[in-house]
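> Got a structure here, written out as structure tokens. Questions coming.
The values are calculated or read from the model by the stated rules, or taken from the named source; none is laboratory data. Just so it is clear, the model here is predicted, and its values are computed rather than measured. Here the Cβ positions follow ideal geometry from the backbone for every residue, glycine too, while neighbour counts run over all protein chains shown. Ligands, DNA and RNA are stripped out before the accessible areas are found, and what is left, the full protein with its side chains, is counted by its heavy atoms. Shrake-Rupley method; radii C 1.70, N 1.55, O 1.52, S 1.80 Å.
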Amino acid sequence: MSETLERWGSRRAFILAVTGAAVGLGNIWRFPYIAGENGGAVFLLVYIVFVLLLGLPVMMAEIMVGRAGRRGPIQALGALAAEAGGSRHWRWLGAFGAFTVFCILSFYSVVSGWSIEFLVASINGKFSGATAQEIGAGFDAFLANPGLLVFNHTLFLVMTMGVVAAGIAKGLERLNNLLMPLLYLLLVTLAIYASTTEGFVPALVWLFKPSMALITPTVILHAMGHAFFTLAVGACALMAYGAYMPDKQSLPKAAAAVAVLDISVALLSGIAIFAVVFAQGLDPTQGPGLMFVTLPIAFSELPWGAAWLSVFFLLLLLATWTSAINLAEPMVATLQGAGMKRVKATMAVALGVWLMGLLSALSFSSLADFRPFLGRNVFELVSSIPPDIFLPLGGMLIAVFAAWVMPREKAQEALGNSGWGFYLWLNIVRWIAIPMTFIVLLSALF
Ligand code: TRP
């Protein structure tokens, strides 16, 4: 009896950790603004196809490798490759993942800092009675204030790395998942409220009626990148979590549940946000400020709006926090694998990410004209190239490793699905996910 209970406990712990990693800014902040910039419904359509055909199978591959290796990513890849008679260089995939999450966490922390600022502002009632224009202008003024941005970025990073150093991520994940239904409920309420506003029908048309003429290679690339980003796949970060997944737990079921939840959070957020965009005549392509400008307006129209807005930002921050912990973990594990003590490794990662994050934080003021590559500033670079290129590339290599390099029996055992389920997964990964990712990445080059 106690044994079953314990296993149930860790089974739950695994789902909590993966959900905590997946649901974050990607769903509520990044999805609407990237969809807005990429034609709305066409983006959504391609993104959902990619989540199902690429993101989900590769997510299973990634967790499966971690579960089979039962170690940190670099060690797991090295040991499994050696066992299969493959190259030891597969370990570099773990290092590449650590580099990818380094870039991602640097801007993730800055944007999470915006949420801290907005939480404080909504508690102080700053948005009560403000018009869309005033909120938009306030957001722009905030971005132009380097001191505030750096302060909030620092605060968020200290919160994140503090939890990583203290090793209390599990407690936070439990809290997050306890409160996530409330976040979900708030989004559902907003979406229902949106259905009573004049922005609702245009929002639905914008999100669900694709005009195929808008499908371009750029849209396809961004949709693919976002599919990996939102599932937290492609940087070996979930591999680390797979290492402590119980033997008996069904991996495909857990992964599918997380993917469905993840998509639905993004959809609700999209409906709530675009209803405001169209009701207020705002620009759907306005970029990273989209959520921060629209949600205060959406809440202000509800009873006790200011209080609920504060609760919303608090819960968003919690969801973001557990995602950031997942982003930090592979780097800390890598340094620990190289022989560093945990606290020291955490401090080294924190310092590196903090410095890199400064470049993003200042991209809206002092460094606005520093455009080292493709005419984009640092924030624009790190918030696009790592998600759009590095994650799919890393995910593709993980998939190659799982589906071609690992011995089949080992893979089958770790996926925990004998028979046709395994062959379905294997064939999707081999003949759809890997070639498709490769083709999209290749077409991005030209
Ligand atoms: N999925 C998270 C979000 O949507 C971000 C994230 C967490 C992530 N861990 C990751 C992205 C690992 C890539 C790799 O906000």
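> Restricting to DSSP loop positions (anything but H, G, I, E, B) with no more than 14 other Cβ atoms inside 10 Å of their own Cβ, which chymotrypsin sites (Phe, Trp or Tyr not before Pro) remain in the stretch 323-430?
Working: sites: Trp354, Phe364, Phe370, Phe373, Phe379, Phe390, Phe401, Trp404, Trp420, Phe422, Tyr423, Trp425; in loops: Phe370.
The qualifying sites are Phe370.
> Continuing with the same structure: Between Ala82, Ala191, Ala169, which gets the highest mean-square fluctuation from a Gaussian network model of the chain, Cα cutoff 10 Å?
Judging by the Gaussian network model, the answer is Ala82.
> Taking 0.36 nm per residue of sequence separation and subtracting the Cα-Cα distance, how much length would be gained by fully extending the chain between Phe370 and Ile123, in nm to one decimal?
Gain on stretching Phe370 to Ile123: 85.4 nm.
> Using the crude model of +1 on Lys and Arg Cβ and -1 on Asp and Glu Cβ, and no other charge, please compute the dipole size for the stretch 153-254 relative to its Cα centre, in debye to 20.
200
> Right, here's the next one. So what does the Cα-only Debye profile of the stretch 145-252 read at q = 0.14, 0.16 Å⁻¹, as log10 I(q)/I(0), no solvent term?
Treating every Cα as an identical point scatterer, log10 I(q)/I(0) equals -1.11, -1.24.
> Looking at the chain as a GNM with Cα springs under 10 Å, which of Thr216, Thr100, Thr322 has the largest mean-square fluctuation?
Thr216
> Then there is this: What is the Å³ per residue value for the convex hull set by the Cα atoms of the chain?
Details: hull volume 65.8 nm³, N = 446.
For the chain, the hull spanned by Cα atoms encloses 148 Å³ per residue.
> Once R0 is set to 51 Å, what does the formula 1/(1 + (r/R0)^6) return for the Cβ-Cβ distance between Thr196 and Ser87, expressed as a FRET efficiency to the nearest 0.05?
That gives a FRET efficiency of 0.30.
> Percentage of Cα-Cα pair distances in the stretch 162-223 greater than 13 Å, rounded to whole percent?
Details: 1449 of 1891 pairs.
The share of Cα pairs beyond 13 Å in the stretch 162-223 comes to 77 percent.
> Distance from the Cα centre of the stretch 256-315 to that of the stretch 157-217, in angstrom?
Comparing the Cα centres of the stretch 256-315 and the stretch 157-217, I get a distance of 8 Å.
> In this model, which of Lys170/Lys344; Lys253/Lys410; Lys248/Lys344 are farther than 29 Å apart at the alpha-carbon?
Lys248/Lys344
> Turning to a different aspect of this structure: Could you tell me the center-to-center distance, by alpha carbons, between the stretch 92-140 and the stretch 383-441 in angstrom?
Going from one Cα centre to the other spans 32 Å.
> So, counting K/R as plus one and D/E as minus one, what does the shell of residues with Cβ under 14 Å around Phe228 add up to?
Once all neighbours under 14 Å are counted, the net charge is -2.
> Moving on. So which residue, out of Leu119, Leu178, Leu374, gets the largest mean-square fluctuation from a GNM of the chain using Cα contacts under 10 Å as springs?
Leu374
> Here is a further query. Please report, as a whole percent, how much of the solvent-accessible surface of the chain comes from carbon and sulfur atoms (probe radius 1.4 Å).
Here it works out to 69 percent.
> Sticking with this structure for a sec: Ordered by packing density, taken as the mean number of other Cβ atoms within 10 Å over each peptide's residues, highest first, how do 229-241, 332-344, 59-71, 297-309 rank? Numbers along the way, then the final one.
Details: 229-241: 29.6, 332-344: 16.3, 59-71: 26.2, 297-309: 18.0.
Peptide ranking by packing, descending: 229-241, 59-71, 297-309, 332-344.
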